[in-house]
Each structure stands twice: as C-alpha cells, then as structure tokens.
Amino acid sequence: METYISLVSYTGEGVQHMDESPDRLDDARDVAESMGGELAEFFLTMGRYDAVVIMEMPDAETATRAGITIAGAGAVRTETLRAFPEDEYRELIDGLP
C-alpha cells in the first residue's frame, strides 16, 4: 500500500453544513475502504488547511479516484501528496547514482 497525505480545505458549503462534517468523514472512510484502501488518520488543523488526512491506498490511480469522489461531494477541496515512509525514503536515496 502507498501512503497519501491530503491537505483539506472546507468549501463554503462545507462550512455552512459543518454539523454534517463527522458524517462526511465517515463517508470518506467508506469510499477509501470500497477502493481497497484505508483512511488511516484524520486531524482537524489550524492554519492554512482545515484538516489533514492520511490514507493508505493501493496506487496513485486509486488515490486519485478516491480524492475526486470525496471532493465531488462539494464540501472540501484537497491537495494530495504521495508520502514515502522512512524505509522507502532510504531505499530511494540508496538507489541514487
């Protein structure tokens, strides 16, 4: 599984219906699981982004589909980053010429 970090911003609609946010999070978790992945961590944050989500997904294509599906509901915008854990980072660095 590959790790993805999504930086989440609420849209105006998402803020207007903030009381529905926990249900939307559950729906996002269901989307990830239905695609063979896992929404591993969720953090409400202060600052430039409203939340940070860590997902484990089979591949980039699946992560992209999940992100489009989740953002398509209209409550959030996301910026998703492929994250390499330390062991993968070390392998990448060891493979440098």
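Look at Gly14 and say whether it is at positive phi, touching a helix residue (DSSP H, G or I) at 6+ places or on another chain (Cβ under 9 Å) and touching a residue at least 24 places away in the same chain (Cβ under 8 Å).
Against the criterion (at positive phi, touching a helix residue (DSSP H, G or I) at 6+ places or on another chain (Cβ under 9 Å) and touching a residue at least 24 places away in the same chain (Cβ under 8 Å)), Gly14 does not qualify.
Does any residue of the stretch 24-38 turn out to be among the aliphatic types (A, V, I, L, M) and in contact with a Ser or Thr (Cβ under 8 Å, 6 or more places away or on another chain)? Talk me through it step by step, then tell me what you get.
Taking the stretch 24-38 first, the residues among the aliphatic types (A, V, I, L, M) are 25, 28, 31-32, 35.
Cutting the leftovers down to in contact with a Ser or Thr (Cβ under 8 Å, 6 or more places away or on another chain) gives us 31, 35.
There is at least one residue in the stretch 24-38 that is among the aliphatic types (A, V, I, L, M) and in contact with a Ser or Thr (Cβ under 8 Å, 6 or more places away or on another chain).
Consider only pairs whose beta carbons are under 8 Å apart and that are at least six residues apart or on different chains; among these, list those whose first residue lies in the stretch 48-77 and is touching a residue at least 60 places away in the same chain (Cβ under 8 Å) and charged (D, E, K, R) and whose second residue is surrounded by fewer than 17 Cβ atoms within 10 Å (Cβ to Cβ) and not in a loop (DSSP other than H, G, I, E, B).
Listed pairs, sorted by first residue: Arg77/Ser9.
Which of the residues that make up the stretch 39-74 are among the aliphatic types (A, V, I, L, M), closer than 15 Å to Ala28 by Cα and over 14 Å from the mean Cα position of the chain (by Cα)?
Scanning the stretch 39-74 gives a single hit, Ala73.
No lab work stands behind these numbers, since they all come straight from the coordinates. Keep in mind that what you see is a predicted model, and the values were worked out from it rather than measured. Here Cβ is always computed from backbone atoms with ideal geometry, including for glycine, and neighbour counts include all displayed protein chains.
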